[in-house]
Amino acid sequence: MRHPMKTVLLSIVVLVLSCNGQKKTAMENVVGESPTKSDSLVLLIQDEHSGSDTTETLIITDLKALGKFFSRVNKTRKPGIPVPEVDFSKEMVIVHCSGRQNNGSLPVLSLLKETETRVVLESKMITKNEKWQSTAITSPFSLYRMPLTKKDIVFEKGVE
């Protein structure tokens with residue numbers, strides 16, 4: 001009689017641990033702090049599949065728009081990337097998608113300069129690992145958090 005109970009308990013423990021393993025895998029894409037010149041632009045997530053075939057930059061100022069972007073990103077992945085917590089009363093999100101790539105590069109934004117009327121962000125593509133060049137077609141994106149501003153946000157293409 002004790003063996004069936006042990007089997008049930010062992011099954012529950014294995015199930016719980018496997019669910020946490022999936023959460024950990026999804027959270028590995030959450031990068032954390034960005035090595036930018038200023039704390040005003042913080043890298044939250046960088047991944048190889050945005051679901052966008054074209055280059056686009058999104059300025060997101062509400063949870064509904066952020067959820068819509070993540071529904072596109074998570075359409076084909078299990079488990080999906082969790083939507084980051086953002087206080088839209090103080091912050092906004094910038095998503096930079098580089099479109100279809102086959103060179104293993106990731107898009108990176110950095111704060112170039114800030115004036116009283118505008119914020120200039122520089123867009124570059126960096127190679128993750130020069131030793132390993134992928135020929136797989138990806139659509140990478142980078143997602144940043146920055147303080148909410150009424151200034152114009154301008155993007156300049158950096159030297160790659």
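Within the bounds of the range 115-123, is there any residue that is in contact with a Gly (Cβ under 8 Å, 6 or more places away or on another chain) and either free of Cβ contacts under 8 Å to residues at least 24 places away in the same chain or surrounded by fewer than 19 Cβ atoms within 10 Å (Cβ to Cβ) (or both)? Yes.
Looking at the structure I just gave you, is GLY104 modelled with pLDDT under 80 and either exposed (fewer than 13 other Cβ atoms within 10 Å of the Cβ) or in contact with a Phe, Trp or Tyr (Cβ under 6 Å, 6 or more places away or on another chain) (or both)? For GLY104, the condition - modelled with pLDDT under 80 and either exposed (fewer than 13 other Cβ atoms within 10 Å of the Cβ) or in contact with a Phe, Trp or Tyr (Cβ under 6 Å, 6 or more places away or on another chain) (or both) - is not met.
Pairs are defined by a Cβ separation below 9 Å, a sequence spacing of at least 6 or placement on different chains, a first member in the range 42-60 that is in contact (Cβ under 8 Å) with a residue 24 or more places away in the chain and closer than 15 Å to PHE70 by Cα, and a second member that is among the acidic types (Asp, Glu) and surrounded by fewer than 16 Cβ atoms within 10 Å (Cβ to Cβ); the pairs so defined are SER50/GLU56. Would you be able to say whether some residue in the range 35-57 is of a type in the set (Gly, Ala, Ser), touching a Lys or Arg at 6+ places or on another chain (Cβ under 7 Å) and either surrounded by 12 or more Cβ atoms within 10 Å (Cβ to Cβ) or closer than 23 Å to LYS150 by Cβ (or both)? Checked against the condition, which is being of a type in the set (Gly, Ala, Ser), touching a Lys or Arg at 6+ places or on another chain (Cβ under 7 Å) and either surrounded by 12 or more Cβ atoms within 10 Å (Cβ to Cβ) or closer than 23 Å to LYS150 by Cβ (or both), the range 35-57 yields at least one hit.
The single residue among LYS68, LYS75 that is in a helix (DSSP H, G or I) and either at pLDDT below 90 or touching a Lys or Arg at 6+ places or on another chain (Cβ under 8 Å) (or both) turns out to be LYS75.
Residues in the range 86-104 that are in contact (Cβ under 8 Å) with a residue 40 or more places away in the chain and part of a strand (DSSP E or B): GLU91, MET92, VAL93, ILE94, VAL95, HIS96, CYS97, SER98.
The values are calculated or read from the model by the stated rules, or taken from the named source; none is laboratory data. Here the structure is a predicted model, which is why all the values come from computation and not from measurement. With ideal geometry, Cβ positions are generated from the backbone for all residues, glycine too; neighbour counts draw on all protein chains shown.
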